[in-house]
Amino acid sequence: MNRVIRTLTCVLLFSGLNSGVSAQDNARVFTLPEVIEIAKRQSPDALAAMHRFRSSYWEYRNYKAGLMPMLTLDATLPSLSRSIEKITTTEGDFFIERNLANYSAGLALTKNIGLTGGQVFLNSNLQRIDLFSDTTVTSYLSSPLNIGIRQPIFNYNAYKWLRKTEPMRYTEAERRYLEDVERVTISATNIFFSLLDAQIRLKIQQINQANNDTLYQIARGRYNIGTIAENELLQIELSLLNSRSAVEAANLEVEMKTFDLRSFLRLPDKDDIVLIAPVAPPSPAMDAQLAVSEARENRADALAFNRRMIEAESAVNKAKAENRFNANLFAVYGLTQTTDKFQDAYHNPQDQQRLELGIQIPILDWGYARGKIKLAESDRELQKTAVQQEMIDFDQEVFLKVMQFNMQRNQLVIAAKSDTVADKRYEVTKQRYLIGKIGITDLNIAQAEKDNARQGYIAALHTYWRSFYEIRKLTLYDFIAGKRMSFNFDDIPDVE
């Protein structure tokens, strides 16, 4: 198969570039792998994929950072207040004027407990108050050390479920990035073949114009000596005019497709572009079962199926936890001291304790809690059904793509052979016409079949390569190297 296709590719390359490159000294020649590599580096789609992954990376980093100890400094420097306030004493109520300044500073170390959903903390605080009147009165309140815990006892623990889903979500992002890169490859392949087809069409029309011009000159000579009728001469002249029009249209199409490729690859506009038709990838017939198995193991969607079920179970757990008996525990032990001198603020501190236990018991909610639980359970079953169907469609999509690819291998061989036969038939038909054995109608038919066969081969080659990369995207498996696809994510800027 590859021998036939390589031979035809050499013919295409020679006929397509022999005059094109010589006429365009500044032309840049690209192969399909070169276009793909440029697209992976600098195309808008590739850059968008990189930024999406980087966003997912920092979301995951933020999640991990949220489980680490946090050290914060909180300070007020100062808070000034001047007001008239009411005070109550044993002698009655009085209004007095207050004029004071409040300064405070606190250092707190907190740590979320992922296993229980609570939080432990360690803090130290110092507060100073200056009371202004006839004389200034200053006092200090210090808390050298406080150790405490905030713990919901029966509440929904979001950290418990995030520990399951967030690593999966990040792994999904890695796989999704690989899929996005393959999607860039598919886009690059489509744009490459779109321009290649336009360039080959232009070359075909140029060759046809040259042939029709030669045939017209010959026909005029025959008409002058009376060997052909005027109708045949006019038909050849019409073919010549049509071929000139076709060349103009093909030139415009090449310019438009060239602009599309330049835009996608973000290339400068100064150079012309000439493409080399690729051969078929040296990939054997693909094993559908292997492709399905690798897709289940490697694709982002396969991992997303499990994550979605975990999230649905989390929603049910949340609905149950938030609509039943709940309790919250708050406990703190620390040291404190108050004085009017700064140097005594930390001298002989007294201990302090605080313990709070709050409960919430639903007594009458008219079925509200039960309704929320049933709604969450219904959503879970709906998600389960959707995931099961998507898994079936997932496997079927991969299986059908592999079957289509294996069939396309044979179609490509047939298209290559058809192009060779049609080209040879046209040459034979043209020679027979030149010696007067057949009419112009037979020659036109042979020319149309030659042109269609050439374009059909390029279309088959395009379909073959597109199918090959689509399967790579679906499976994240390199069937040529025989291994799973990977990427060094450290190469992405701002990813550590």
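The values are calculated or read from the model by the stated rules, or taken from the named source; none is laboratory data. Keep in mind the model is a prediction, meaning the values are calculated, not measured. No Cβ is skipped: glycine too gets one built from the backbone with ideal geometry, and neighbour counts run over all protein chains shown.
A search for C-beta distances below 7 Å between a residue of the stretch 256-276 that is in the same structural domain as Thr185 (by TED's automatic domain parsing) and any residue that is outside any helix (DSSP H, G or I) and exposed (fewer than 13 other Cβ atoms within 10 Å of the Cβ), counting only pairs 6+ apart in sequence or on different chains, returns Arg262/Asp269; Asp271/Asn26; Asp272/Asn26. When the stretch 471-496 is filtered for residues that are among the basic types (Lys, Arg) and free of Cβ contacts under 8 Å to residues at least 60 places away in the same chain, only Lys483 remains.
Each residue in the stretch 432-442 was checked for being in contact with a Lys or Arg (Cβ under 9 Å, 6 or more places away or on another chain) and surrounded by 12 or more Cβ atoms within 10 Å (Cβ to Cβ), and 2 of them qualify. Just wondering, is there one or more residues in the stretch 124-131 that are surrounded by 20 or more Cβ atoms within 10 Å (Cβ to Cβ) and either on the phi < 0 side of the Ramachandran plot or among the polar types (S, T, N, Q) (or both)? There is no residue in the stretch 124-131 that is surrounded by 20 or more Cβ atoms within 10 Å (Cβ to Cβ) and either on the phi < 0 side of the Ramachandran plot or among the polar types (S, T, N, Q) (or both). One residue is enough: does the stretch 148-158 have a residue meeting the conditions within 17 Å of Ala331 (Cβ to Cβ), out of contact with any Lys or Arg (no Cβ under 8 Å at 6 or more places or on another chain), at pLDDT 90 or above and of a type in the set (A, V, I, L, M, F, W, C)? Scanning the stretch 148-158, I find at least one residue that is within 17 Å of Ala331 (Cβ to Cβ), out of contact with any Lys or Arg (no Cβ under 8 Å at 6 or more places or on another chain), at pLDDT 90 or above and of a type in the set (A, V, I, L, M, F, W, C), so the answer is yes. Contact map, the stretch 113-128: first residue under 16 Å from Tyr159 (Cβ atoms), second residue in a loop (DSSP other than H, G, I, E, B), Cβ cut-off under 8 Å, separation 6 or more or different chains; pairs are Gly114/Leu67; Thr116/Asn157; Gly117/Asn155; Gly117/Tyr156; Gly117/Asn157; Gln119/Ile113; Val120/Ile113.
With the structure loaded, tell me whether Phe259 is in a helix (DSSP H, G or I), more than 15 Å from Asn212 (Cβ to Cβ) and touching a Ser or Thr at 6+ places or on another chain (Cβ under 8 Å) or whether it fails that test. No; evaluated as a whole, the condition is false for this residue.
Scanning the stretch 284-335 for residues that are β-branched (Val, Ile, Thr) and touching a helix residue (DSSP H, G or I) at 6+ places or on another chain (Cβ under 7 Å) yields Val292, Ile310, Val316. Among the candidates Asp494, Asp395, the residue that is out of contact with any Asp or Glu (no Cβ under 9 Å at 6 or more places or on another chain), acidic (Asp, Glu) and at pLDDT 85 or above is uniquely Asp395.
Taking the stated definitions as given, is Lys164 assigned to a helix (DSSP H, G or I), surrounded by 18 or more Cβ atoms within 10 Å (Cβ to Cβ), of a type in the set (Lys, Arg) and in contact (Cβ under 8 Å) with a residue 40 or more places away in the chain? Answer is no for this residue.
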